[in-house]
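J.: Input: one structure, supplied below.
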Amino acid sequence: MTNEQTNQQTAPDFAALVGRFATNDAFVSAARHGSGHINDTYKVACALAGQPVHYILQRINHTIFKDPAALMDNVQRVTAHLRAKLQAAGVTDLNRHALAVIPTRAGDSVFHDAAGQWWRMYHFVERARTFDKVETGAQVFEAARAFAQFQGLLADLPAPRLHDTIPNFHNAVLRLATLRDAVQRDPHGRAASAAAELAFVEQRAALCTRLLERQQRGELLERITHNDTKLNNVMLDEQTNAAVCVIDLDTVMPGLALYDFGDMVRTATAAALEDECDLAKVFSRPEMFAALARGYLSEAQFLTAAEREELVFSGRLITLVIGIRFLTDHLLGDVYFKIHRPNHNLDRCRTQFKMVASLEAQADTMEQIVKECLK
Ligand code: ADP
Ligand code: GN1
Ligand code: MG
C-alpha cells in the first residue's frame, strides 16, 4: 500500500480514542493537522467547564518506527529532562516550552489499539506556529537558536543510551547503497525517467563518507541530537516569532550535531517550498544562512573545532542525502513519505538537488559567514 492509499483510510473513532487518555475534559472534535510526512497528526478540541482545551493526537507510523514503545521511552525521558532543566532555569508555562505526553488511563505513554495502531497525545502548544518556508531572518535565527539550545539541554541526559529509533538514520553511505539497490531492482520502472537525478548523485557519491570517516577516527563526537530539524519541527510564537518549543521528537537519539545543523541549512535557507516544481525559484539564501549560523552559534558553545569546520559541508551533505531518500522512495513506489500527487517524491528530490547545487555555488561565501560568526 502506498502512502497515498493510507491517507484515504476511514477516520478513527476519535471520541473513543481520546477517552483512552487521562484527561478530565469532554471531547468536541478532531481534524487533521500540520504537514508532516510521517505520522498521522490530528488537532483535538475538548472542553473543560466550557473552556476550550487542545491536544495533538498522533498515530505513530509503526512501519517506519518499528518499536513505538522504545520510541516513547525516549520521548518520556527527553521531555522530562527538558522540563526539569527549563523549570530550574526559571521558565514558566512549561507545557508551551517542552512537549508534554498525556498518559493513557492505564498509565502508559502510548495507546496500542485492537487494530494494532499506536496512538499518543501531547498538550497542544498554543499561540505558536510552524513554517514550511521561512519568511524572515529573525525566524531563522530563533529556530536555529532553539535547536542548539535543545542539543545543549540534552547533553547531560543521564544513562542509559537512548534507543536508536531508526538505526543508521543519517548514514549517507547506507542511504546511497539503498538508492543503488532500488535502481537495480526498479520495481515500478521509474529509474529511466530519473536518469539525470541519478547521475547527479553519482557525481557526488564520494561526499558520503566524509563525516562518517571523521566520526570513526574519533574527530566528531556522538551527541544526543534531534535528527529531524526541518523548519516545521520548531514552533515560534505567533506574535513575536520567539522560539517556543522544539517538536517531533521521534528521532531524538545519538547522532552528530552536524546533521542537525545541515538539515536546518536545507530547510531554513531555502527560498521555496520543499516540493516547488519551478526550480528557478529554488535556491539557498545567503542572508538566511547568516541568520542561521548566528542563531545556532549563539547557543552552541559546546561545538568542537572539528564540528565547526564541517558546518557548511553538513548543509550540502544532508540536502544530498534527503534528496537521495526522496528519490529512493519514488523508485520504490512511495512507501515511506506521504505523497499528495503523482511524482511528488521526484519533485521533492529535484528541489533538494537544486538546493545542493546552490549550496555548492555559495560554499565560499558561507565559509566566510561562519568565520565571521566565530570571531
Ligand atoms: P511528523 O513526524 O509527521 O512530521 P510532527 O510531530 O512534526 O509529525 O507533527 C506535524 C505537525 O503538527 C507539526 O509540523 C506541527 O505543525 C504540528 N504539531 C505537532 N505537535 C504539536 C504540538 N504539541 N502542538 C501544536 N502543534 C503541533
Ligand atoms: C520527514 O516527519 P517530518 O515530516 O518532520 C523525515 C525527515 C526528512 C523530512 C523531509 C522520520 O520529516 O527525515 O528529512 O521528512 N522524518 C523521518 O521533509 O524520516
Ligand atoms: Mg515533523
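The values are calculated or read from the model by the stated rules, or taken from the named source; none is laboratory data. On a predicted model such as this, the values are computed, not experimentally measured, just so you know. Positions of Cβ are generated from backbone atoms using ideal geometry, with glycine treated the same way; all protein chains shown enter the neighbour counts. The protein model used for the area step is the full one, side chains on, heavy atoms only, and it has no ligands, DNA or RNA in it. Shrake-Rupley method; radii C 1.70, N 1.55, O 1.52, S 1.80 Å.
J.: Between residues in region 351-375 that are open to solvent by less than 80 Å² (accessible area, probe 1.4 Å) and residues that are basic (Lys, Arg), which pairs lie under 6 Å by C-beta distance while being six or more apart or on different chains?
T.: Cβ pairs passing all conditions: Val356/Arg316; Leu359/Arg316; Cys373/Arg294.
J.: Just wondering, is there one or more residues in region 203-224 that are under 17 Å from the mean Cα position of the chain (by Cα) and either away from ligand 1 (no atom under 16 Å from the Cβ) or in a helix (DSSP H, G or I) (or both)?
T.: Yes, region 203-224 contains at least one residue that is under 17 Å from the mean Cα position of the chain (by Cα) and either away from ligand 1 (no atom under 16 Å from the Cβ) or in a helix (DSSP H, G or I) (or both).
J.: Now a separate question. Consider region 85-104. How many of its residues are farther than 26 Å from Trp119 by Cβ and assigned to a helix (DSSP H, G or I)?
T.: Number satisfying all stated conditions: 4.
J.: Which of (1) touching a strand residue (DSSP E or B) at 6+ places or on another chain (Cβ under 8 Å); (2) closer than 15 Å to Ala257 by Cα is the odd one out, the single condition Arg214 does not satisfy?
T.: Evaluating Arg214 over (1) touching a strand residue (DSSP E or B) at 6+ places or on another chain (Cβ under 8 Å); (2) closer than 15 Å to Ala257 by Cα leaves (1) as the failure.
J.: Check every one of the strands (runs of 3 or more DSSP E) wholly within region 7-71 and list those with 3 or more residues that are hydrophobic (A, V, I, L, M, F, W, C) and either within 16 Å of ligand 3 (Cβ to nearest atom) or over 22 Å from Ile247 (Cα atoms) (or both).
T.: Those strands (runs of 3 or more DSSP E) span 26-32.
J.: Going through Arg266, Arg316 one at a time, which residue ends up being buried (at least 21 other Cβ atoms within 10 Å of the Cβ), within 16 Å of ligand 1 (Cβ to nearest atom) and within 19 Å of Leu207 (Cα to Cα)?
T.: Arg266
J.: Moving to a separate point now. How do the pairs read when you match residues in region 213-236 that are without any contact (Cβ under 8 Å) to a residue 60 or more places away in the chain and in the same structural domain as Ala146 (by TED's automatic domain parsing) with residues anywhere that are open to solvent by 60 Å² or more (accessible area, probe 1.4 Å) and within 16 Å of ligand 2 (Cβ to nearest atom), using Cβ under 9 Å and keeping only pairs 6 or more apart or on different chains?
T.: Close Cβ pairs (under 9 Å, with a partner that is open to solvent by 60 Å² or more (accessible area, probe 1.4 Å) and within 16 Å of ligand 2 (Cβ to nearest atom)) amount to Lys230/Asp132.
J.: While we're here: Open to solvent by 70 Å² or more (accessible area, probe 1.4 Å), out of contact with any Lys or Arg (no Cβ under 6 Å at 6 or more places or on another chain) and closer than 30 Å to Lys43 by Cα: which single residue out of Ala114, Ala143 fits that description?
T.: Ala114 is the lone residue from the list that is open to solvent by 70 Å² or more (accessible area, probe 1.4 Å), out of contact with any Lys or Arg (no Cβ under 6 Å at 6 or more places or on another chain) and closer than 30 Å to Lys43 by Cα.
J.: Considering region 326-350 alone, what residues qualify as being assigned to a loop (DSSP other than H, G, I, E, B) and in contact (Cβ under 8 Å) with a residue 12 or more places away in the chain? Full working, then the answer.
T.: Pass one, region 326-350, residues assigned to a loop (DSSP other than H, G, I, E, B): 332-343.
Listed by number, the residues that qualify are Leu332, Gly333, Asp334, Val335, Tyr336, Phe337, Lys338, Ile339, His340, Asn343.
J.: Residues to consider are Ala243, Ala271; find the one that is touching a residue at least 12 places away in the same chain (Cβ under 8 Å), more than 14 Å from ligand 3 (Cβ to nearest atom) and surrounded by fewer than 22 Cβ atoms within 10 Å (Cβ to Cβ). Let's see the steps before the verdict.
T.: Values: Ala243 fails: surrounded by fewer than 22 Cβ atoms within 10 Å (Cβ to Cβ).
The conditions single out Ala271.
J.: Considering region 31-64 alone, what residues qualify as being away from ligand 2 (no atom under 16 Å from the Cβ), of a type in the set (A, V, I, L, M) and open to solvent by 30 Å² or more (accessible area, probe 1.4 Å)?
T.: Within region 31-64, Ala31, Ala47, Leu48, Ala49, Val53 meet the criteria.
J.: Out of the residues in region 116-135 that are in a loop (DSSP other than H, G, I, E, B) and at pLDDT 95 or above, state the one that is nearest to ligand 3 (Cβ to nearest atom).
T.: Thr130
J.: Only one residue in Asp93, Asp73, Asp132, Asp108 is open to solvent by 60 Å² or more (accessible area, probe 1.4 Å), under 30 Å from Val282 (Cα atoms) and not hydroxyl-bearing (Ser, Thr, Tyr), so which one is that?
T.: On inspection, the qualifying residue turns out to be Asp132.
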